[in-house]
1. Which residue is farthest from Val183 (Cα to Cα), if the candidates are limited to region 107-134 and must be out of contact with any Pro (no Cβ under 6 Å at 6 or more places or on another chain), modelled with pLDDT of 85 or more and in a strand (DSSP E or B)?
2. Restricting the search to region 48-65, which residues are surrounded by 14 or more Cβ atoms within 10 Å (Cβ to Cβ) and not in a helix (DSSP H, G or I)?
3. Taking only region 135-180 into account, find how many residues are in a loop (DSSP other than H, G, I, E, B) and surrounded by 14 or more Cβ atoms within 10 Å (Cβ to Cβ).
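The values are calculated or read from the model by the stated rules, or taken from the named source; none is laboratory data. Just so it is clear, the structure is predicted and the values come from calculations on it, not from any experiment. Note that each Cβ is placed from the backbone with ideal geometry, even for glycine, and that neighbours are counted across all protein chains shown.
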Amino acid sequence: MCRCRYGNLACVDDDLEHALVSVGPRLRALRKQRETTLADLSAATGISVSTLSRLESGARRPTLELLLPLAKAHGVTLDELVDAPPTGDPRIHLRPVARFGMTMLPLTRRAGGIQAYKLVIPAGSSRRRPEPKTHEGYEWLYVLNGRLRLVLGERDLVLSPGEAAEFDTRLPHWFGAADEDAVEFLSLFGSQGERAHLRARPKARQEPTPDGGRE
């Protein structure tokens, strides 16, 4: 436990500094996951593109005046944006964000690394016409319910419950409901080079047949 002659002031300063340093990677991860450009975010917040870029790279120290409109634009609380130190409550208070014809529920709060989301595309969603986009990163999808249409480069796939896909997000991609029914799926998104690995199911042991062969 951190101690100092002035009580916990030094500890608070250290926690605050750590939170502020983590803002840049968190801002970049949020923007990439939502497939939003710096220009789009600038238009939504009134913050210049150059300032947004410097915030994400860590070259600009975040201030409350900058963080408030960014938190609103990304649909998160200020505490979630800066990854504020815990206050004794171990629960994660998740806030769904409705955007691009679907609802996104963040499942992780740490800055950097792989970010996890649960996404729900409601029945009859307007998200039907493929609009492939590209950005830095790597994504892994796992379908929970419904049927998910995934357009990946020249390929047009339909994933059913229990099926997964992973891909480099520099390849043009888009996903939406494959039919009029709702679809729920998990998304793991990481920076370039970070991949989610699936463990292969072990093959069933083959029993010998009466003729000495294998089934």
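1. So in region 107-134, the residues out of contact with any Pro (no Cβ under 6 Å at 6 or more places or on another chain) come out as 107-110, 113-116, 118-131, 133.
Next cut, modelled with pLDDT of 85 or more only: 116, 118-123, 129-131, 133.
Then drop every residue that is not in a strand (DSSP E or B), which leaves 116, 118-121, 133.
Working: Ala116: 17, Lys118: 11, Leu119: 8, Val120: 6, Ile121: 5, Lys133: 21 Å.
So, considering only residues that are out of contact with any Pro (no Cβ under 6 Å at 6 or more places or on another chain), modelled with pLDDT of 85 or more and in a strand (DSSP E or B), the one farthest from Val183 (Cα to Cα) is Lys133.
2. Once the filter is applied, which keeps residues that are surrounded by 14 or more Cβ atoms within 10 Å (Cβ to Cβ) and not in a helix (DSSP H, G or I), region 48-65 yields Gly58, Arg60, Pro62.
3. Here is the first cut: in region 135-180, the residues in a loop (DSSP other than H, G, I, E, B) are 135-137, 146-147, 153-154, 160-163, 169-172, 178-180.
Add one more test, that the residue is surrounded by 14 or more Cβ atoms within 10 Å (Cβ to Cβ), and what stays is 135, 137, 146-147, 161, 163, 169, 172, 178.
Looking only at that region, the number is 9.
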